[in-house]
Amino acid sequence: MDADKLPNESLHINDYEKYFNKTARRLTSSMLGGAVNYFGSDLLYLAGGLPNSDMFLITEAQIKLRDGRTVNIADDEMEVALQYSKSAGKPEMLKWLTELLRRLHDPPTLPPHGVSPSANSDMMTISTYGCTEAISKVIGLVVEEGDSLLVEESTYPSVMNVIEPLGCKPVTVKNDADGLIPSDLSNILSSWNEAVSGPRPKLLYCVPVGGNPTGANLTLKRKKEVYALARKYDLLIIEDDPYYMLQFTRPLIPSLVSLDVDGRVLRCDSFSKMMAAGARIGYLSGPKQFLEKFIEWKDVNSFPNSLAETIVWKVLQNMGHDGFIEHGCRVANFYHKRSQRASRIAEAYLKGLAEWSDPVAGMFLWMKLLGVEDSRPICQKLIQKGAVVVQGHIFCPASVNSPYIRVSYSYASEEDLAKAFSWLADILKEQSKQ
């Protein structure tokens, strides 16, 4: 299949039941959830267990932005913010996010402006607790015990924490400085033996921009190849992309969701890296039918934080889409300078002792310690000297030992980086003498 050609429409997904696991198929709408839809209408609402807002202690708030502007949450808005809300998120905020999605990605399955999703594969957007809830629930709706999840050989470790209790095995796809390697993904899928390895994977998880931990970007050419393979082998893709706006060059590399003509990409975005990590506000965009099942699960176990959502929404409303995109450029420039500083300091202390590629997005240096089989003893010695980095093996599902470490440059000062790298150099030099 030629990944550079626009795929035909014959693989457009209209029914997601085949992807859902047994648990997902058993999910039903919340018994009380339907009544919430009438709250705020002209009907006399006597159905909900809603606290009386007259007893809430907060009546209004003023938020001061870093540029000196202020954003006010009026008393009527605060009354809504302090009350229970729909698990999908604030409708007005979701409408704003949908327009942002259109501006940044223009997904092929996103309905035209002003048109509600209709067909099963039509895209919609919902609010989540950062990317973490989106990832864990998507995986939880798809995989069964004995299934396999396709992941990069160096990947975000929390995904392993999600799949292990489910009895799901990771299958690692090689990656390099340009991200996931499509030819390796093709080899894995084409040679899959269900008698030996169990059912063919239904789901690929990847961090395509500012890879955590690698700092790599999946190139557009490779994204097209990965998407073509997803179509060929009928995969769904979790596009975990919290660093999308933190690419160090513009224009931004088009996303996987921008290529998705079938409705097989579930895109995870977050405001944690851009606005407020503690708010835990993210959003998931994907096929309507799939997200409706996701909402059924949210309805019974994870209502949103309406106050945090309101604060983020008021700031977004104040910025507008253009302002938010400009803010993304400022944040990317900030981290680019920090990455350059970190690489420069590492070069001064660790040349000949470690190898790394300069990050092209995100917050991390992924460093290979030369002459080291397992970075764990090195990391322990570094802690004793006074610095903490993350040992590489936790990012590598298929490897017990790893010579890599992950260093975050997002908040460390120049002085702290110099201390840590000088201590690391001393440890590695001592190690080489043994």
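Only the coordinates and a few stated rules stand behind these numbers; no lab work does. This one's a predicted model, so the numbers in the text were calculated from it and none came from an experiment. Positions of Cβ are backbone-derived with ideal geometry, glycine not excepted, and every protein chain shown enters the neighbour counts.
Can you spot the lysines whose alpha carbon is less than 19 Å from Lys174's alpha carbon? Ignore those fewer than 8 places along the same chain.
Lys202, Lys221, Lys223, Lys224, Lys368
Exposure proxy check: Ser255, Ser116 ranked by fewest other beta carbons within 10 Å?
Sorted ascending by nearby Cβ count, the order is Ser116, Ser255.
In whole percent, what relative contact order does region 9-321 give with Cα contacts below 8 Å and a gap of six or more residues?
Over region 9-321, the number comes to 25 percent.
At a threshold of 8 angstrom on Cα-Cα distance, excluding pairs fewer than six apart, so keeping six or more, what relative contact order does region 44-145 reach in percent?
18 percent.
Residues with amide H under 5 Å of Ser148's amide H, sequence separation 5 or more or different chain, H placed in the peptide plane at 1.01 Å from N; which?
Long-range HN contacts for Ser148: Lys169, Lys202.
Given H placed 1.01 Å from N in the peptide plane, which residues other than close sequence neighbours of Tyr404 have an amide H under 5 Å from its amide H?
HN-HN under 5 Å from Tyr404: Leu369, Ser375, Gly392.
Using a Gaussian network for the chain with springs between C-alpha atoms less than 10 Å apart, which of these wobbles most: Arg222, Arg66, Arg26?
Arg66
How high is the relative contact order of region 359-424, in percent, counting Cα pairs under 8 Å that sit 6 or more residues apart?
Contact order relative to length: 39 percent.
Between the helical axis of 414-433 and the dominant principal axis of the chain, each derived from Cα atoms, what acute angle in degrees is found, rounded to the nearest 10?
Roughly 40 degrees, rounded to the nearest 10.
For labels at Thr70 and Ala398 in the simple 7 Å Cα→Cβ model, what's the distance in nm?
According to this spin-label approximation, the distance is 5.8 nm.
Using only helices, what value at 222 nm comes out for the chain when you add -39,500 (n - 2.57) per DSSP H run of length 4 or more and divide by the total residues, to the nearest 500 deg cm²/dmol?
Calculated mean residue ellipticity at 222 nm is -12000 deg cm²/dmol.
Taking the number of other C-beta atoms within 10 Å as the exposure measure, put Asp269, Asp106, Asp15, Asp147 in order starting with the fewest.
The fewest-first ordering by Cβ neighbours comes to Asp15, Asp106, Asp147, Asp269.
Compute the distance in nm between two label points, each set 7 Å from the Cα along the Cα-to-Cβ direction, one at Ser302 and one at Leu27.
Once both label points are built, they end up 1.0 nm from each other.
Taking 0.36 nm per residue of sequence separation and subtracting the Cα-Cα distance, how much length would be gained by fully extending the chain between Lys381 and Glu355, in nm to one decimal?
Stretched fully, the Lys381-Glu355 segment lengthens by 7.4 nm.
If you count, for each residue, the other Cβ atoms within 10 Å and average over each peptide, how do 306-319, 186-199, 369-382 line up from highest to lowest?
306-319, 369-382, 186-199
Among the aspartates and glutamates, which fall within straight-line cross-link reach of Lys433, defined as a Cα-Cα distance under 17 Å, with same-chain neighbours fewer than 8 residues apart omitted?
Glu373, Asp374
By how many degrees, between 0 and 90 and to the nearest 10, does the Cα long axis of helix 306-350 differ from the longest principal axis of the chain?
0 degrees
Just to be sure I understand the model, the point goes 7 Å from the Cα along the line to the Cβ. What's the resulting Asn187 to Glu164 distance in nm?
Roughly 2.8 nm, to one decimal.
Take the cross-link list Lys64/Lys419; Lys18/Lys273; Lys273/Lys314 and give me the ones stretching past 29 Å between alpha-carbons.
Lys64/Lys419; Lys18/Lys273
Spit out the partnerless Cys residues in the chain, using Cβ distances under 4.7 Å as the pairing rule.
Cys168, Cys206, Cys329, Cys379, Cys396 - these cysteines have no disulfide-compatible partner (Cβ-Cβ under 4.7 Å) in the chain.
Using 0.36 nm per residue of separation minus the Cα-Cα distance, give me the extension gain between Ser118 and Ser343 in nm, one decimal.
Stretched fully, the Ser118-Ser343 segment lengthens by 76.1 nm.
Neighbouring Cβ atoms within 10 Å as the yardstick, rank Met55, Met275, Met245 fewest first.
By the 10 Å Cβ count, ascending, the order reads Met55, Met275, Met245.
May I ask you to evaluate 6.51 cos²θ - 1.76 cosθ + 1.60, the Karplus curve with θ = phi - 60°, for each residue of region 130-137 and list the ³J(HN,Hα) values in order in whole Hz, giving x for glycine and proline?
x, 6, 4, 5, 4, 5, 5, 6
Can you compute the charge dipole magnitude of the chain about its Cα centre, using +1 on each Lys and Arg Cβ and -1 on each Asp and Glu Cβ, nothing else charged? Give it in debye, rounded to the nearest 20.
960 debye
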